[in-house]
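Read the structure below first, then the notes.
Just so it is clear, none of the values below were taken in a lab; they were calculated from the coordinates. Keep in mind the model is a prediction, meaning the values are calculated, not measured. Here the Cβ positions follow ideal geometry from the backbone for every residue, glycine too, while neighbour counts run over all protein chains shown.
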Amino acid sequence: MTHGSHASPPRRAWRWGTPVVFLLSGTLFMVSAQNSDGTDLRPTRYTDMASIVEAETEELEELNARAAELDAEVKALTASVGDRKAQRTNARVKTMEDPAGFTPRSGAGVTVTLDDAPEEVIATAQTSDEVNEMVVHQQDIQAVVNAMWRGGAEAVTIQGQRLISTTGIKCSGNTVQLQGQPFSPPYVITAVGDQLEIYNEIQTDRAIGIYREAVADPEIAVRWDLQLEDWVTAPAFSGPVTFQYAAPLTDS
């Protein structure tokens with residue numbers, strides 16, 4: 001058998017394969033650089049969900065503060081308008097501020113605190129369904145709030161934030177969002193109003209009764225506390241107000 005100058009098949013594969021590998025690697029590096037736009041594709045700024053929530057909360061607080069400043073500026077400019085019709089409209093708006101939740105309310109009240117089960121109890125859970133039973137949910141908070149309203153509450157707050165007619169309570173992972181801002185347990189819900197009426201509604205509410213059965217179950221052990229307050233203050237609502245409403249269709 002004669003030996004020529006041709007390379008063997010394995011060597012030919014290596015000769016052609018090596019440039020291809022380098023070409024593909026270069027292409028991937030270019031794509032990564034373009035997608036990252038000069039930034040790290042594995043940023044270390046946010047190492048966990050808590051950091052993300054904290055950053056988003058700080059940004060929301062700054063935006064709310066700015067919105068409050070602009071709202072105060074608008075009110076000052078509106079008050080300076082000398083037009084009689086504008087003044088009458090401003091007077092009507094002023095009378096609606098209190099029932100709408102835009103003025104503080106103080107007086108006797110009731111405070112309910114809801115909290116997840118202790119960590120040592122949650123650690124015994126075998127499935128996600130079991131963990132789900134050991135944490136406070138949106139519907140638990142909403143049940144307490146609804147009972148307070150039925151009891152004639154003049155004002156209600158969650159985590160010190162005033163609730164108004166457009167306020168939404170929404171679960172987001174292991175936190176609850178209130179007006180877009182995330183809060184972690186324990187959830188402190190306070191009502192200003194007739195203590196006896198509010199207390200009776202809370203005691204007889206069926207949904208709250210189911211939650212309190214879970215409180216008494218040592219294998220679930222969510223937590224509950226109710227306090228009658230001699231004097232509490234619900235601050236005026238200070239967040240942005242977004243109204244959504246239906247409008248009739250027009251003929252095309």
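Charge dipole (Cα centre; +1 on Lys/Arg Cβ, -1 on Asp/Glu Cβ; no other charges) of the range 103-234 amounts to roughly 640 debye. Ranked by the mean number of other Cβ atoms within 10 Å per residue, highest first, peptides 209-221, 136-148 order as 136-148, 209-221. Using +1 at the C-beta of Lys and Arg and -1 at the C-beta of Asp and Glu, which of ALA147, ALA207, MET134 has the Cα lying farthest in the positive direction of the dipole of the range 103-234? Selected residue: ALA147. Centroid-to-centroid, using Cα positions, the range 158-193 and the range 116-148 are 16 Å apart.
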